[in-house]
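Report on the structure given below.
The values are calculated or read from the model by the stated rules, or taken from the named source; none is laboratory data. Every value quoted in this text rests on a predicted model; they were computed, and no experiment measured them. For neighbour counting, all protein chains shown are included, and Cβ atoms are generated from backbone atoms with ideal geometry for every residue, glycine included. These area figures cover heavy atoms from the full protein model, side chains too; ligands, DNA and RNA do not enter into them. Shrake-Rupley method; radii C 1.70, N 1.55, O 1.52, S 1.80 Å.
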Amino acid sequence: MERNRYFVWTVGCQMNVSDSERLESALQGVGYTPAEQAEDADFIVLNSCSVRANAEEKIIGKITDIQRIKRERPDTKIVLWGCMVGPNNQSIFKKKLPMVDHFVSPSAVDEVLALAPNPIYQLDEPALPVADWEVPPVNVHVPINYGCNMSCAYCVIPLRRGKERSRPMAEIADEVRRICARGAKEITLLGQIVDSYGHDLPGRPDLADLLEYIHDTPGLVRLRFLTSHPAFMSEKLLHAIARLPKVMPDINLPIQAGDDQLLKVMKRGYTVAKYTKLIERIREIIPNVSLSTDIIVGHPGETREMFERTLEMVENLRFDKVHIAAYSSRPGTKAGEMELDPTLAVEHGEKQYRRIALERLQERIITERNEELLGHDVEVLVEEFTKGKWRGRDRNNKLVFFEAEGNWYGKVVNIHVTETRPWWLGGDLVGEALAVGAV
């Protein structure tokens, strides 16, 4: 087997994906090459998620598969990385998973890199979340803060990723500059709570300041950010989005439930009325905004009446997208304790009923919203050619497909919408658009 080959397997959020991309770039920078399967690697990294039980089950299943490799080739190094490995539970995993050599907390790319056996080179500069590309990716995610200071009842992230830590603006700007110099067009800024960025830095810059700071990066065409919390969605940030042409009018703002009593149990810190007022203000300042949200159904203590109020809230606010999850118990959380009480736990079948009911409602709403775009032109950044069609996203983050000869990869084009579906649009190429920042 060829030496110095790695295999990285990732589950979970965009932060995990970005961490893995950064690690792969660093590994390639010190002389490693990627292996298509774990069996061909002498350094295996499993980047884990613990937000829901099924994510942990996938990781345990993958480790079970890989232990055969460890038996056959004991020198193979195996690392369990990510949110399953919190600061205080590594000793537990060492007993449960003896085939794993090292356990590393989330986002510690340098720590994982240091465990790689026999690097050929020394890494000269911090790794980008992408390696050198023959064909540069159109979209790249860049973390700007890590961890979380909130205490939502259902969430394990603060236990696993720790307190919030913001990266300095100059460091982020340098990374964005290097990424765009390699050909990327769109940057998505990432954080567990991205709009709380900067409060722990000297001078207390905020996300609006950061958007302004990196907006004029050469080659940068579009800027997005994920994921926000209503408590930090300031007027300053909203006006920055409205004013800066490269910042897309696309905001993800999780509400999690549409009932005030349940929001209090979840420790979300707002009411439905307060959240609704914020949505109205966002639409007032950014009239063309696309709004998505996250909702948990079947949280301990949620009654059918509470869920009906969530349906009513979704009907009234008419989001462009709703990310729906059936509640999954997480050990160490307040909701996890509540789930042990049979009078508070929601039965599995009821969770699925609520999930499906909400999915059907949102499908109807987004179908109606997308139909409003029929016959209009949308501006699309083209991301790939797949199954005979070009695929990209418009400014509001809607998927758009079109057929056209020529190479449109990485270009911003105008598409005349001729077909609308709940989850995508189809249309005809009008021509290349004059994108801000295009080179």
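Annotations for the structure displayed:
- Lone unmet requirement of (1) under 16 Å from Ser105 (Cα atoms); (2) in contact with a Pro (Cβ under 9 Å, 6 or more places away or on another chain); (3) not basic (Lys, Arg) for Cys13: (2)
- Matching residues in the stretch 138-153 - criterion: being buried (at least 19 other Cβ atoms within 10 Å of the Cβ) and within 18 Å of the chain's Cα centre (by Cα): Val138, Val140, His141, Val142, Pro143, Ile144, Asn145, Tyr146, Gly147, Cys148
- If you go through the stretch 106-121 and keep only what is assigned to a loop (DSSP other than H, G, I, E, B) and either crowded, with 20+ Cβ neighbours inside 10 Å or touching a His at 6+ places or on another chain (Cβ under 7 Å) (or both), you end up with Pro106, Ser107, Ala116.
- Residue count for the stretch 51-81, restricted to those that are small (Gly, Ala, Ser) and either farther than 15 Å from Val100 by Cβ or more than 27 Å from the chain's Cα centre (by Cα) (or both): 2.
- Among the residues making up the stretch 196-240, those that are part of a helix (DSSP H, G or I) and touching an Asp or Glu at 6+ places or on another chain (Cβ under 8 Å) are Ser196, Leu207, Phe232, Lys236, Leu237, Ala240.
- Number of the exception - Gly437 against (1) under 30 Å from Glu312 (Cβ atoms); (2) at pLDDT below 95; (3) open to solvent by less than 30 Å² (accessible area, probe 1.4 Å): (1)
- Residues in the stretch 11-44 that are touching a Gly at 6+ places or on another chain (Cβ under 9 Å) and either open to solvent by 50 Å² or more (accessible area, probe 1.4 Å) or not in a helix (DSSP H, G or I) (or both) were compared, and the one that is nearest to Thr188 (Cα to Cα) is Gly12.
- Glu363 being modelled with pLDDT of 95 or more, in contact with a Pro (Cβ under 6 Å, 6 or more places away or on another chain) and open to solvent by 20 Å² or more (accessible area, probe 1.4 Å): yes
- Only one entry in Pro143, Pro205 is touching a helix residue (DSSP H, G or I) at 6+ places or on another chain (Cβ under 8 Å) and under 24 Å from Glu235 (Cβ atoms), namely Pro205.
- When residues of the stretch 251-281 are limited to those that are among the β-branched types (Val, Ile, Thr) and surrounded by fewer than 20 Cβ atoms within 10 Å (Cβ to Cβ), the one nearest to Leu207 (Cα to Cα): Thr276
- Scanning the stretch 370-385 for residues being open to solvent by 40 Å² or more (accessible area, probe 1.4 Å) and within 24 Å of the chain's Cα centre (by Cα) gives a total of 3.
- If you go through the stretch 163-209 and keep only what is touching a residue at least 60 places away in the same chain (Cβ under 8 Å), open to solvent by 20 Å² or more (accessible area, probe 1.4 Å) and within 26 Å of Met84 (Cβ to Cβ), you end up with just Gln192.
- When the residues of the stretch 46-74 are filtered to those that are open to solvent by less than 30 Å² (accessible area, probe 1.4 Å) and farther than 29 Å from Ile324 by Cα, the one that is modelled with the lowest pLDDT is Ile66.
- Any pair with Cβ under 6 angstrom, 6 or more apart, that starts in the stretch 374-402 at a residue that is more than 20 Å from Val140 (Cβ to Cβ) and ends at one that is among the acidic types (Asp, Glu) and open to solvent by 50 Å² or more (accessible area, probe 1.4 Å): Lys389/Glu403
- The number of residues in the stretch 154-179 being assigned to a helix (DSSP H, G or I) and either of a type in the set (Gly, Ala, Ser) or over 20 Å from the mean Cα position of the chain (by Cα) (or both) comes to 7.
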